[in-house]
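The values are calculated or read from the model by the stated rules, or taken from the named source; none is laboratory data. Keep in mind that this is a model prediction, so the values were computed, not measured. Ideal geometry is used to build each Cβ from the backbone, glycine not excepted, and the neighbour counts take in all protein chains shown.
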(Lines give C-alpha, C1' and ligand atoms only; values in the text may rest on other atoms or scores of the structure.)
Protein backbone atom coordinates (compact mmCIF):
# COMPACT_ATOMS: atom_id res chain seq x y z
CA UNK A 1 0.00 0.00 0.00
CA UNK A 2 1.18 3.51 -0.81
CA UNK A 3 1.07 5.54 2.41
CA UNK A 4 1.79 8.91 0.80
CA UNK A 5 -1.70 9.13 -0.71
CA UNK A 6 -5.03 8.12 0.75
CA UNK A 7 -7.15 9.22 -2.22
CA UNK A 8 -7.11 8.77 -5.99
CA UNK A 9 -8.86 11.39 -8.10
CA UNK A 10 -9.59 9.97 -11.55
CA UNK A 11 -10.94 11.43 -14.76
CA UNK A 12 -13.44 9.50 -16.88
CA UNK A 13 -12.94 10.33 -20.56
CA UNK A 14 -9.87 8.82 -22.27
CA UNK A 15 -8.93 7.17 -18.98
CA UNK A 16 -11.78 4.84 -18.09
CA UNK A 17 -13.50 5.02 -21.45
CA UNK A 18 -12.36 6.66 -24.67
CA UNK A 19 -14.41 9.05 -26.77
CA UNK A 20 -14.33 10.77 -30.13
CA UNK A 21 -16.87 13.50 -30.92
CA UNK A 22 -16.24 13.01 -34.64
CA UNK A 23 -18.20 9.74 -34.46
CA UNK A 24 -21.32 11.80 -33.73
CA UNK A 25 -20.27 14.62 -36.04
CA UNK A 26 -20.18 12.32 -39.07
CA UNK A 27 -23.74 11.14 -38.41
CA UNK A 28 -25.07 14.63 -37.70
CA UNK A 29 -23.67 15.87 -41.03
CA UNK A 30 -26.47 13.91 -42.71
CA UNK A 31 -28.99 16.20 -40.99
CA UNK A 32 -27.46 19.67 -41.22
CA UNK A 33 -26.30 22.11 -43.91
CA UNK A 34 -23.37 23.11 -41.67
CA UNK A 35 -19.81 21.92 -42.30
CA UNK A 36 -17.88 19.33 -40.32
CA UNK A 37 -15.75 21.80 -38.36
CA UNK A 38 -18.79 23.86 -37.36
CA UNK A 39 -20.44 20.77 -35.93
CA UNK A 40 -17.26 19.51 -34.28
CA UNK A 41 -16.52 22.85 -32.62
CA UNK A 42 -20.06 23.09 -31.31
CA UNK A 43 -19.96 19.56 -29.89
CA UNK A 44 -16.46 19.51 -28.50
CA UNK A 45 -15.73 22.69 -26.61
CA UNK A 46 -18.17 25.49 -27.35
CA UNK A 47 -19.80 27.81 -24.87
CA UNK A 48 -22.99 25.81 -25.34
CA UNK A 49 -21.43 22.48 -24.36
CA UNK A 50 -19.70 24.18 -21.43
CA UNK A 51 -23.09 25.39 -20.18
CA UNK A 52 -24.49 21.89 -20.59
CA UNK A 53 -21.57 20.34 -18.72
CA UNK A 54 -22.04 22.85 -15.91
CA UNK A 55 -25.73 21.99 -15.60
CA UNK A 56 -26.83 25.51 -16.54
CA UNK A 57 -29.21 24.23 -19.21
CA UNK A 58 -31.24 21.02 -19.33
CA UNK A 59 -31.28 18.46 -22.17
CA UNK A 60 -34.32 20.00 -23.87
CA UNK A 61 -32.76 23.46 -23.95
CA UNK A 62 -29.44 22.03 -25.11
CA UNK A 63 -31.12 20.26 -28.00
CA UNK A 64 -33.19 23.32 -28.88
CA UNK A 65 -30.06 25.43 -29.22
CA UNK A 66 -28.14 22.75 -31.13
CA UNK A 67 -31.05 22.29 -33.51
CA UNK A 68 -31.33 26.03 -34.08
CA UNK A 69 -27.61 26.55 -34.66
CA UNK A 70 -27.11 23.52 -36.91
CA UNK A 71 -30.53 23.80 -38.59
CA UNK A 72 -31.10 20.12 -37.83
CA UNK A 73 -33.88 18.20 -39.53
CA UNK A 74 -34.18 15.55 -36.78
CA UNK A 75 -36.12 15.33 -33.52
CA UNK A 76 -34.77 15.18 -29.98
CA UNK A 77 -35.32 11.43 -29.68
CA UNK A 78 -33.18 10.93 -32.79
CA UNK A 79 -30.48 13.38 -31.77
CA UNK A 80 -29.50 12.10 -28.34
CA UNK A 81 -28.69 8.50 -29.40
CA UNK A 82 -26.25 10.03 -31.91
CA UNK A 83 -24.92 12.44 -29.28
CA UNK A 84 -24.24 9.47 -26.99
CA UNK A 85 -22.52 7.35 -29.64
CA UNK A 86 -19.05 8.79 -29.08
CA UNK A 87 -17.71 6.32 -26.52
CA UNK A 88 -15.65 3.18 -27.06
CA UNK A 89 -13.49 0.96 -24.87
CA UNK A 90 -9.85 0.04 -25.46
CA UNK A 91 -7.68 -2.47 -23.54
CA UNK A 92 -6.01 0.29 -21.51
CA UNK A 93 -9.40 1.37 -20.18
CA UNK A 94 -9.97 -2.16 -18.89
CA UNK A 95 -6.55 -2.16 -17.23
CA UNK A 96 -7.46 1.02 -15.40
CA UNK A 97 -10.75 -0.50 -14.27
CA UNK A 98 -8.87 -3.44 -12.72
CA UNK A 99 -6.27 -1.16 -11.15
CA UNK A 100 -8.93 0.93 -9.42
CA UNK A 101 -10.76 -2.13 -8.19
CA UNK A 102 -7.48 -3.34 -6.71
CA UNK A 103 -6.90 -0.10 -4.80
CA UNK A 104 -10.42 0.31 -3.48
CA UNK A 105 -9.69 -1.30 -0.11
CA UNK A 106 -6.66 0.91 0.57
CA UNK A 107 -7.61 4.24 -1.03
CA UNK A 108 -10.64 6.45 -1.38
CA UNK A 109 -11.66 6.79 -5.02
CA UNK A 110 -13.22 9.93 -6.47
CA UNK A 111 -14.21 10.43 -10.10
CA UNK A 112 -13.73 14.03 -11.27
CA UNK A 113 -15.20 14.58 -14.72
CA UNK A 114 -16.43 17.31 -17.03
CA UNK A 115 -19.62 15.53 -17.98
CA UNK A 116 -23.16 16.39 -19.03
CA UNK A 117 -26.21 14.63 -17.67
CA UNK A 118 -27.06 12.89 -20.96
CA UNK A 119 -23.66 11.25 -21.29
CA UNK A 120 -23.64 10.27 -17.63
CA UNK A 121 -27.04 8.58 -17.77
CA UNK A 122 -26.02 6.79 -20.97
CA UNK A 123 -22.71 5.54 -19.55
CA UNK A 124 -24.16 4.60 -16.18
CA UNK A 125 -26.26 1.97 -17.94
CA UNK A 126 -23.26 0.58 -19.83
CA UNK A 127 -20.42 0.67 -17.28
CA UNK A 128 -20.13 -0.79 -13.79
CA UNK A 129 -16.94 1.18 -13.04
CA UNK A 130 -18.99 4.01 -11.52
CA UNK A 131 -19.85 1.72 -8.61
CA UNK A 132 -16.16 1.35 -7.72
CA UNK A 133 -15.89 5.02 -6.76
CA UNK A 134 -16.68 6.35 -3.31
CA UNK A 135 -17.82 9.66 -4.82
CA UNK A 136 -18.66 11.00 -8.26
CA UNK A 137 -17.84 14.68 -8.71
CA UNK A 138 -19.42 15.58 -12.03
CA UNK A 139 -19.34 19.05 -13.51
CA UNK A 140 -23.06 19.20 -14.28
CA UNK A 141 -23.83 18.56 -10.60
CA UNK A 142 -21.10 20.81 -9.15
CA UNK A 143 -21.83 23.65 -11.57
CA UNK A 144 -18.15 24.10 -12.45
CA UNK A 145 -15.83 22.42 -14.94
CA UNK A 146 -12.19 21.50 -14.59
CA UNK A 147 -9.83 23.36 -14.29
CA UNK A 148 -11.93 25.48 -11.89
CA UNK A 149 -10.49 25.04 -8.37
CA UNK A 150 -14.00 24.55 -7.00
CA UNK A 151 -14.45 21.16 -8.66
CA UNK A 152 -11.17 19.87 -7.23
CA UNK A 153 -12.08 21.23 -3.81
CA UNK A 154 -15.44 19.49 -4.04
CA UNK A 155 -13.65 16.23 -4.80
CA UNK A 156 -11.38 16.55 -1.77
CA UNK A 157 -14.20 17.61 0.53
CA UNK A 158 -16.40 14.72 -0.59
CA UNK A 159 -14.10 12.20 1.10
CA UNK A 160 -12.55 14.46 3.73
CA UNK A 161 -8.99 14.41 2.42
CA UNK A 162 -6.24 16.98 1.85
CA UNK A 163 -4.52 18.19 -1.29
CA UNK A 164 -1.19 16.58 -0.47
CA UNK A 165 -2.81 13.22 0.25
CA UNK A 166 -4.51 12.97 -3.15
CA UNK A 167 -3.16 11.73 -6.47
CA UNK A 168 -4.84 12.83 -9.70
CA UNK A 169 -5.09 10.91 -13.00
CA UNK A 170 -6.26 12.74 -16.14
CA UNK A 171 -5.51 12.55 -19.87
CA UNK A 172 -5.22 16.33 -20.20
CA UNK A 173 -1.91 17.95 -19.28
CA UNK A 174 -3.51 21.36 -18.68
CA UNK A 175 -5.82 19.89 -16.03
CA UNK A 176 -2.96 18.07 -14.30
CA UNK A 177 -1.08 21.38 -14.20
CA UNK A 178 -4.10 23.21 -12.78
CA UNK A 179 -4.40 20.67 -9.97
CA UNK A 180 -0.64 20.82 -9.35
CA UNK A 181 -0.93 24.56 -8.71
CA UNK A 182 -3.30 23.64 -5.89
CA UNK A 183 -0.83 21.17 -4.43
CA UNK A 184 -2.42 18.04 -5.91
CA UNK A 185 0.17 15.82 -7.59
CA UNK A 186 -0.81 13.74 -10.58
CA UNK A 187 0.09 12.14 -13.89
CA UNK A 188 -0.96 12.63 -17.49
CA UNK A 189 -2.66 9.43 -18.59
CA UNK A 190 -1.39 9.20 -22.16
CA UNK A 191 -0.59 5.54 -22.71
CA UNK A 192 0.79 2.29 -21.35
CA UNK A 193 3.90 3.90 -19.85
CA UNK A 194 1.76 6.22 -17.75
CA UNK A 195 -0.25 3.23 -16.57
CA UNK A 196 2.93 1.38 -15.59
CA UNK A 197 4.10 4.44 -13.66
CA UNK A 198 0.81 4.61 -11.80
CA UNK A 199 1.15 0.97 -10.79
CA UNK A 200 4.65 1.66 -9.49
CA UNK A 201 3.47 4.66 -7.48
CA UNK A 202 0.79 2.58 -5.82
CA UNK A 203 2.89 -0.57 -5.59
CA UNK A 204 0.43 -2.86 -7.32
CA UNK A 205 1.61 -6.10 -8.80
Some residue of region 65-82 being at pLDDT below 95, in a loop (DSSP other than H, G, I, E, B), out of contact with any helix residue (DSSP H, G or I) (no Cβ under 7 Å at 6 or more places or on another chain) and surrounded by fewer than 16 Cβ atoms within 10 Å (Cβ to Cβ): no
Filtered residues of region 131-186 (kept if over 23 Å from residue 45 (Cβ atoms) and in a strand (DSSP E or B)): 135, 166, 167, 185
Long-range neighbours under 7 Å by Cβ, at least six apart or interchain, first residue more than 18 Å from residue 49 (Cβ to Cβ) within region 68-83, second assigned to a helix (DSSP H, G or I): 73/31; 74/31
Subset of region 85-107 that is without any contact (Cβ under 8 Å) to a residue 40 or more places away in the chain and not in a helix (DSSP H, G or I) - its residue that is surrounded by the fewest Cβ atoms within 10 Å (Cβ to Cβ): 105
Search result, residues across region 51-100 that are over 24 Å from residue 126 (Cα atoms) and either within 17 Å of the chain's Cα centre (by Cα) or in the same structural domain as residue 169 (by TED's automatic domain parsing) (or both): 51
Which numbered condition residue 121 misses (of (1) out of contact with any strand residue (DSSP E or B) (no Cβ under 9 Å at 6 or more places or on another chain); (2) under 21 Å from residue 20 (Cβ atoms); (3) surrounded by 15 or more Cβ atoms within 10 Å (Cβ to Cβ)): (3)
